[in-house]
Amino acid sequence: SHGLIGADLGLGDPRFEVPAGQGIHALYSAGLWMGGLSPDNQLHVAAARFEGIVDGDYWPGPLDSLAGITALESQNYDQVWVVDRADILAHRAYFDCLNDPNCDESVLYPGGYTIPSVFLDWPAMGDVTIGQAMYLAPFIDYDGDGYYDPANGDHPCIAGDRALYFIFNDAKAHALTSGLPLGVEVHGMAYAFGSGSAALQQTLFLHYRVINRSSTPYSDMRIGLYSDLDLGNGMDDFVGTDVARNLVYVLNGDANDEDGFTPGYGGQPPAFGIVQLSGGLLPATGADEPA
């Protein structure tokens, strides 16, 4: 993954289906925009709208100590890791049994136990021989030895009941913005809950960790989430902001979201919003600014 959310680049169609299984989408695409000034007052910027790896600013994978990455290494990280909490609980239960003298493994696990493949592939640790950081994706170190080994009980550390993890960077020629690269490595985790209140079950959380792997200290850094909000048929949408709630939202222009270039929600269409839950916010200027 190079960090793009929602869009199917092969078909040019949205892929942010809400609710699941109905073939209707609330968002076309979204991606991080960021920029900052280097000590020589040069603007370094990276952004995403709906571009692929070739024609965008980002590509997959972690950076080395020189804020670089090879094309081959980037390909190894061109994926999204999907983890379920139920698998984590089952994994812990098995290793708890192994370490409990009163637990008979042959009784509780007569067919044995198979470690989920995503646990084995989890990008917990970087390749320090090529300058990557030792620790990448978060994990629980079950045996406390400082290394990630699922065969010893270690497992991914996630939020929510299901999580998607991805790593990308901007250490490439910026085909979208033509901007100077920042040399940042971004870790993203999208997660959701399958229980709790109705509102919680209809919320997708997205957490970013942005790491400056370059040797350049940036000032006046700005980070935002570009969002192309298309509620079903996006030709009759209204968008707005609620500053007090750190909220941007989209709603249909009338009581019926008919089919258009993409399927509509029909009568009584829903609204869809994005809230910034944490992170520094710019102070209000009192002006109605376009950006």
With a cut-off of 8 Å between alpha carbons and a minimum separation of six or more residues, what is the relative contact order of region 1-80 in percent?
27
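Want the number for Q75 to A93: 0.36 nm per residue separation, take away the alpha-carbon distance, what's left?
3.1 nm
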³J(HN,Hα) across region 91-106 via Karplus (A = 6.51, B = -1.76, C = 1.60, θ = phi - 60°), whole Hz, x for Gly/Pro?
5, 5, 4, 5, 6, 4, 5, 4, 9, 10, x, 8, 9, 9, 4, 5
If you take every residue apart from A175 with its C-beta less than 14 Å away from the C-beta of A175, what net charge results, scoring Lys and Arg +1 and Asp and Glu -1?
-2
How do D55, D13 line up, fewest other C-beta atoms within 10 Å first?
D55, D13
Got the relative contact order for the chain handy, in percent, Cα pairs under 8 Å and 6 or more residues apart?
21
From the phi of every residue in region 82-90, what ³J(HN,Hα) in whole Hz does the Karplus formula 6.51 cos²θ - 1.76 cosθ + 1.60 yield, where θ is phi - 60° and glycine or proline is x?
10, 10, 9, 4, 4, 5, 5, 4, 5
In order over region 130-138: 3J(HN,Hα) from phi, Karplus 6.51/-1.76/1.60, θ = phi - 60°, whole Hz, x for each Gly or Pro, gives 10, x, 6, 4, 5, 10, 10, 6, x
Tally Lys/Arg at +1 and Asp/Glu at -1 over every other residue whose Cβ is under 13 Å from the Cβ of G267; what's the total?
-4
Less than 11 Å Cβ to Cβ from A7, Lys/Arg counted +1 and Asp/Glu -1: what total charge do the surrounding residues give?
-3
Order of 56-69, 135-148, 168-181 by packing, highest average Cβ count within 10 Å first?
56-69, 168-181, 135-148
By average C-beta atoms within 10 angstrom, highest first, the peptides 149-156, 34-41
149-156, 34-41
Counting other Cβ atoms within 10 Å, which chymotrypsin sites (Phe, Trp or Tyr not before Pro) in region 80-131 have at most 15 and lie in a DSSP loop?
Y113
Name the residues whose placed amide hydrogens come within less than 5 Å of the amide hydrogen of Y142, ignoring near sequence neighbours (fewer than 5 apart) on the same chain.
D154, H155
For peptides 272-278, 212-218, sequence by mean Cβ density within 10 Å, most packed first
212-218, 272-278
Residues T241, T285 in order from fewest to most other beta-carbon atoms within 10 Å are T285, T241
What are the semi-axes of the equivalent ellipsoid of region 44-218, taken as the square roots of 5 times the eigenvalues of the Cα gyration tensor, listed largest first and rounded to whole Å?
35, 20, 13
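Throughout, read-outs are computed from the coordinates displayed, never taken from laboratory work. The shown structure was predicted, so the numbers you read here are calculated from the model rather than taken from an experiment. Glycine gets a Cβ as well: all are built from the backbone with ideal geometry, and neighbour counts include every protein chain shown.
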